[in-house]
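The structure appears below as C-alpha cells.
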Amino acid sequence: MCKTERISRNKKAKIVLIRHGMTQGNQEHRYVGTTDEELLPESVEELRGMQEFWQKQVSMNRRTVADSVHDEIEIVPGKITCDQHCQENGSKEQIVYVSPYLRAMQTADILFPDAGKVEIPELAECRFGEFEYMNYAELNGNPDYQRYIDSGGTTAFPGGETKAEFTDRVMRGFEKVFVDAESREGQKRLRCDVSLRIETAHTSLSDTIIIVAHGGTIMALMDQLSEPHKDYFDWQVKPGEGIAGWLEVTADGMQIVSYEKMKLPQGMKTVPDAMKNGA
C-alpha cells in the first residue's frame, strides 16, 4: 500500500490502465522513452478493432451514483438518476488521463474518441538517457549497460532516471489523476437533480479512472499499488493491453485490489511482443 498525504480518504474507484499501441521502436525492441514517435499504421488499425473491447471494460464498470455499493442514496420515485440528469443536460463526459507523448495520445483518441483527454506529464515513460532508442543488440558489450543489467534494473540509465526516481515521478502524476477525478465527481454531483437525497458521505467515484500511458508507467504504478503486491517486472503488458482493478484510498494509503491483466479476446490479432522496457 502506498502512503499519501495529499488526497481525501475512504474513496473507491474502478481503474483501468492501458498501454499504448505499437510503434516502430517497440517493434525493433528499442528503449523508447522520450522519442516522440507515432503508432505504426497496422497498430492504428488493430486499436480500432479493440475500441469496443476497451469501451466495454469501462462501461461495464461505470455505475450511476445510485448504484454505488458504498453510497446510501435515496431516489425520489419518478425522478431521474444523477447520470441520467447529466446525460440529458449534456454535462456528462468520460475523462481519459494520458501521457503527453504522441503514441499515448493517439491510442486514447482511437479507443475513446468521445472522451475528454487530460494530459498528465508525470505519466510519461522513463527517461532512458544514453540508452534512448537503442536495442539490446546495439548495447551488447556496453559496460554501462552491463552494470544496469547486473543491478537488476535499479541503477540509473546514464543521463537518465533510476527506477526509484521514475516511480516517484509517476506516483506524483497518479495523485494528480485521483485529485482531478475526485474534483470532477464533486462537480458532477453538484449538477445533479435535487431529487437525489444523499444520506451519507459519498465514498465511491461513479466513473472509471482511465489512464493511457506506457509499459513502464503501468509497471511503476502496479509495483507501488498492487495488493497483493507483485514486483515491477511482473507487470509487463503488451501494446494495446492493460490492467483493470479497484483503487481503494483509506487512512492507511492507496492500493489497487481485485486486479487482473486485460488480455485481448482469443482470436483478436495482436502485433508482435514489445520489449520489456521500451514503451
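Brief remarks follow.
- Backbone amide hydrogens, once placed in the peptide plane, bring residue 262 within less than 5 Å of 242, 243, 244, excluding anything fewer than 5 places away on its chain.
- Amide H contacts of residue 118 (H built 1.01 Å from N, under 5 Å, at least 5 apart or other chain): 96, 97, 98
- Sequentially through the stretch 149-155, phi angles give Karplus couplings (6.51, -1.76, 1.60; θ = phi - 60°) of 4, 5, 7, x, x, 9, 6 Hz, Gly and Pro residues having no value and appearing as x.
- Under the Karplus curve 6.51 cos²θ - 1.76 cosθ + 1.60, θ = phi - 60°, whole-Hz ³J(HN,Hα) for the stretch 225-240, x wherever Gly or Pro sits: 10, 5, 9, x, 6, 10, 6, 2, 6, 7, 10, 6, 10, 6, x, x
- R0 of 30 Å, Cβ-Cβ distance residue 55-residue 172: FRET efficiency to nearest 0.05: 0.55
- Stretchable slack from residue 154 to residue 34, in nm (0.36 nm times residue separation minus alpha-carbon distance): 41.3 nm
- Pairs from 14/117; 56/238; 188/230; 56/163 whose Cα-Cα separation, in the structure shown, is over 29 Å: 188/230; 56/163
- Distant-in-sequence amide H partners of residue 226 (H built 1.01 Å from N, under 5 Å): 256
- Hydrodynamic radius of the stretch 12-55 per Kirkwood, over alpha carbon pairs, in Å: 12.1
- Kirkwood-type radius of the stretch 89-171, with distances r between different C-alpha atoms, in Å: 15.0
- The stretch 25-40 and the stretch 205-262: distance between their alpha carbon centers, rounded to Å: 23
We did not get these values from a lab; they are worked out from the coordinates using the rules stated. Everything quoted here is computed from the prediction, not taken from an experiment. Positions of Cβ are backbone-derived with ideal geometry, glycine not excepted, and every protein chain shown enters the neighbour counts.
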